[in-house]
Structure formats: C-alpha cells, structure tokens
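Notes follow the structure.
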Amino acid sequence: MRRVRGGLRHQLRAALVLAWLNGLLPILRSPLWTVSTLAMPISLLILLTVLYRGIGMIMGIVGGLVWTMLSSGTALIGDAAYYRLELKFQQLIVATPTSPLAYTIGLALSEVIFTLPGIVLFTVLLILNAPINLWGALEIAASLILLWYAVSSIAFYSSTLFTYIRYTWAVVSLLTLVLGVLPPVYYPATYLGNAWWVAYLVPTSATAMVVQGAVRVAHYSILQLGMAYVSSIAWCLVGTVLTLRVAKWRTP
Amino acid sequence: MRAIMVSGLRRGFGGKEVLRGVDIDVDYGVIATLLGPNGAGKTTLIRILTTELMPHGGEAYIAGFDVVRQAPEVRRRIAVIPQDAKPISYMTPREFVYSYLLLRGLSRNDAKRATRESLEELGLWELRNTPIYQLSGGMSRRVLVAAVLASNAEVVFLDEPTVGLDAASRRVVWNSLRQYSNSGASIFLTTHYIEEAEQISNVVFLIDRGLIVSHGRPNELVEKLPGKYVVEYPVSMSDGSCIQVGSSCFTFVNSLDEAGNGAIRVSPKSLEHYVLVTIKSWGEENEEG
C-alpha cells in the first residue's frame, strides 16, 4: 500500500487542489461562467453611472466589489450543497486524510478564484476613478478579506442545512437581495437617516461603509467606521463558530 | 488482523432501528458482498464503516482501527464510492482521478502513475482528456471506480458500484475488482445484482431488516438448498408444501421429471434462489410492488 500523508502540509495542498478543481478549472473550461456572475454588478454600475454620473459610478464600483465578494459566498452555498447532495463528492472525500476544515477552506478559496476576474475588474475601475491612498487601499483590502471570510463561513454552514439541491437556488437569490441590494451597499448608510446603524446588521453593508469611506464617496465618523470593523469581525466570529459546528465529517 | 471486524453494530433513525446488531468479519484479499433489499441497512452500514455516520451501539474495526475512536487512521486506509456518486462533470477522467489521489495524500508522481495505470485498467485511457459530461453514464461510473482503485487503499467500499452499467462495462469493473483484491486489499460492496455477487464475491453477507441473516461463500450458500433444480409455480397452483416467494412458489427437486403440470419455470438452483428464500422481506417487497 502506498504511503498516505495527512499532516498540515497535506491539508494545505488539499485546500489548493480543491481551489483548483472548483475554481480555476471551471474558469478555464468556460470563461462564460465568470462573465455571467458579473452581469448583475455591471448592470447596476451602468445604471448608477447613467443616472448619477460620477458619484453614481463610484457607488456602482464600490457596490460591485462588495457584490462580487458576496457572490463568492453565495456560490459556495450552491457548490457545497451540490457536492454533498448531488455528486456525493463530499462523502468520497470523507474517506481520505483530507480534513473537513481543509475541504471548507478549499471550496471557499475556489469561489474567490472564480470571482477573481470580477474583483480585478472593479479594483482597476476603482483605482482609475477614485482617489485612494495606501492606507485606504489597505482598509479596502482588509474589509474585503473580512467580508470574504464571513460570507464564506456562514455560506458553508448554510449549505449543510439543505436536504434538496433546488432549495438552494431560491435561498441564494433571496440572500443576494437581502445582503446585496437592500442594505447600504450601493448607497451610503447615511441615506438611512437615524437608522444608519442598520448597516451593521449585515456584513456586506459594514464592508461597503469602510470602502465608501476609503474612497471618500461618503463621509463617516471614525466611530462609525470603527463600528463597521467591529461588525465585520463579529460576523467572522459568528461564521467561524457556525462552521466549526458543521465542519465535521461524521453525522451524529 | 482482519480487514473488517464488526460486532453488534446498531444504528437508528428517529424511532426506527435500521441496524439491529450486525456482525461481520472480512479477511484481507477478499471481495465481500452485502446483498439485501431496499431499506435493509446496506448503505447505513457502509456509512458507519467509512466513518461518515456514528453508530449507536456495537463495535467496528477497519484494518484494526476503531471507526469511532480512530477515524483519522481509518480514513487513511480506506476508499469509498458512495451510493449514487458521480464524478465532477466538467473535469476529464485524468483530472478527476489525479485530483482525488492528491486529496488522498499521494505524491504528485505517485498520483500521475496511478492515474494512468487505473485509467488503462478500466479502459478509459483513450478518453482521458474528454470532459466527463461527454461520457456515457457507464463510463462516468467507471471513472469513479478508477479513482478509488488507483488509491491503493487497504479496504475499498463500493455502494452499488455497477448500477446502470451495461454488461460489458460491468465485466470490466469486475475484472478490475478481482485484480485489486488479488493484490491483498479487501473490497466490500453492496449490490442488488445477485449475479454480480455470485460472479465476483469470495463471501456474501445477506442482510435483512438490519440483521445479517446468512453468510458464506456463494457456492456454499447454494448448497444449503435441497435438490438440484428449482421448480417455480404460481401460488394459486401450489399444494402448500412449497416455499412462497412473493407471488411464486419454489419447490426444490433432484430431477427434472419431478416438475409437475403448472410449473412456470424450471432452473438449476442458484444463489438467487437462496437469497429469495432466505430474505423474506424481498419476497414481500415483490408482492407489494
């Protein structure tokens, strides 16, 4: 029998293999998939640019960045559920040294790779159209990474709740509405008046506040931005706790 | 040490006990088949043995490791094709098998070599760069078999591996399984095809309503039946002395002359007849369906 590895090095490699097979390979096989995920944020960008010119365009670009990160999470719900319920791929992997955490991280990485063209597109547009200094760039990167972590971990947990793949389709559409359109992602949280704190209730709008502040398309106080970071970190913690609860190979 | 040792294994879902104290021993270098009707507990047993499902009682050891307390050790030594599993369709057979082997922890060189050997063995090498969605259902099933057999695991679990395969494909898979077990590994498979169990198994376990009701070598089980032939009658024609299986009656005889009027089929006794008369619920299921 061949020697089989199972240590930390194997777990890292397993995560990369999963990222390759579920992220890079589909893009190479059919770039149209990537373009299709960009259809909605680009549509909103065009609409906002036509309606509100300069500021609308910046809002559209910021919203597009956040939306793209969100879509990497919502795509994870569909993929993880599909692999578990339809292909039984997850069960195939249970009988290997690959850990459930490596599996989760690998799938989450794959979704980032899948959405990478969108992230690059909106980043380039942001650099070309908005004044960003180094500190602002770091703020944007940090808040987007926190968002990716939060939505991916919560998405993986959510995927385990489904017993039938078609149910995920409806939930993904609803999540996109609830997390991507209704909260202040494409508009400043200040538009909500006294209820601006509602932006902290979902991770997408907390991230959007930081990015909007960094490119100076909306003005938030230091306290408001600090609270946005606290909200993002809190969502990450929630996601971690939820994922650790379900990232086990064995059904009790 | 045995490849699989199961003792008094129990598992329930809700209020229903699906496994009610299963005992199984399987040696190395053996193909063992678990035969039973739908709902008998076959998949539940495989899920427990592959560390995917927690048992509610009893013990199970794979390659000497406890499936509950030593699950990581077990996972290094096993490979499984779950029921209804499908390969990822946009991948090619080579990509799928290769990436599966990397996920199993093989080095890249070992994985490349094993991928080639296994694809050749399963007759898929010519199709190695064809996307799986362009392959037939039988071919894509063979990709899964190629993946787990390339793993070189000590114990391989296959939950209905040949469902949907045509006769030729099934034989390709059988040959590969035989070759794999000849290397010293054990294969534990479930199937609905009694012919499959008869053809490739060294040992057959019959499971019914969560209990192993019989086990042995296929020819030993057949020899437990009396006579040489089976005469099948409609139940309405029987005089009550036959064994009722669904809507038919079986009478075991030593000579074809003993087949009376009304016989609808006369055939040499086989594992199928042993299974049908041993697993009562199979007959009941046929009656219902």
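Quick note: the coordinates plus some simple rules give every number you see, no bench work behind them. From a predicted model like this one, the values you see are computed outputs, not experimental measurements. So basically every Cβ, Gly included, is an ideal-geometry build from the backbone, and we count neighbours across all protein chains shown.
A few comments on the model shown:
- For region B:173-201 and region B:238-274, distance of Cα centres in Å: 29
- Amide H contacts of B:Val204 (H built 1.01 Å from N, under 5 Å, at least 5 apart or other chain): B:Thr33, B:Gly216, B:Arg217
- The mean number of partner chain beta-carbon atoms within 10 angstrom of a residue's beta-carbon across peptide B:105-113 is 3.
- The angle separating the long axis of helix A:222-246 from the principal Cα axis of greatest extent in chain A is about 20 degrees.
- Angstrom value of the Kirkwood radius, inverse mean 1/r, which spans all Cα pairs in region A:8-246: 18.2
- In degrees, nearest ten, helix A:8-19 long axis to first principal axis of chain A (Cα): 60
- Computed on chain A, with alpha-carbon pairs under 8 angstrom and 6+ residues apart, the relative contact order is 26 percent.
- Dividing the mean sequence gap of close Cα pairs (under 8 Å, 6+ apart) by how many residues chain B holds gives a relative contact order of 21 percent.
- In degrees, nearest ten, helix A:203-214 long axis to first principal axis of chain A (Cα): 50
- Entries in B:Lys42/B:Lys86; B:Lys42/B:Lys112; B:Lys16/B:Lys86; B:Lys86/B:Lys112; B:Lys42/B:Lys224 that, when Cα-Cα distance is taken, lie over 31 Å: B:Lys42/B:Lys112
- Karplus (6.51, -1.76, 1.60) ³J(HN,Hα), θ = phi - 60°, over region A:163-171, in Hz, Gly and Pro reported as x: 10, 8, 4, 5, 5, 5, 4, 5, 5
- Taking the number of Cβ atoms within 10 Å of each Cβ as an exposure proxy, the fewest-first ranking of A:Ser43, B:Ser176, A:Ser221, A:Ser71 is A:Ser221, A:Ser43, B:Ser176, A:Ser71.
- Calculated mean residue ellipticity, 222 nm, chain A: -24500 deg cm²/dmol, from DSSP H runs (n ≥ 4) at -39500 (n - 2.57) each, averaged per residue and rounded to 500.
- Dipole magnitude for region B:78-157: computed about the Cα centre from +1 point charges on Lys and Arg Cβ and -1 point charges on Asp and Glu Cβ, it is near 180 debye.
- One decimal place: the segment A:Val230-A:Leu201 gains 9.3 nm when fully extended, by the rule 0.36 nm per residue minus the C-alpha distance.
- With the convex hull of the Cα atoms taken as the outline of chain B, the averaged projected area works out to 16.8 nm².
- The ranking of A:Arg84, B:Arg75 by Cβ neighbour count inside 10 Å, starting from the fewest, reads A:Arg84, B:Arg75.
- Residue (of B:Ala111, B:Ile264, B:Gln179) at the positive-pole extreme of chain B, dipole from beta-carbon charges: B:Ala111
- Size of charge dipole - the protein assembly as shown - debye, nearest 20, with Cβ of Lys, Arg +1 and Asp, Glu -1, no other charges: 1860
- In sequence order, region A:57-69 has phi-based couplings of 5, 4, 4, x, 6, 4, x, x, 4, 5, 4, 5, 5 Hz under the Karplus curve 6.51 cos²θ - 1.76 cosθ + 1.60, θ = phi - 60°, and Gly or Pro positions carry x.
- Backbone amide hydrogens, once placed in the peptide plane, bring B:Ile212 within less than 5 Å of B:Asp23, excluding anything fewer than 5 places away on its chain.
- Sorting A:Met40, B:Met1 from the fewest to the most surrounding beta carbons within 10 angstrom yields B:Met1, A:Met40.
- Proximity of backbone amide H atoms, modeled 1.01 Å from N, is registered between B:Lys269 and B:Tyr229, B:Val230 at under 5 Å, excluding neighbours fewer than 5 places apart on the same chain.
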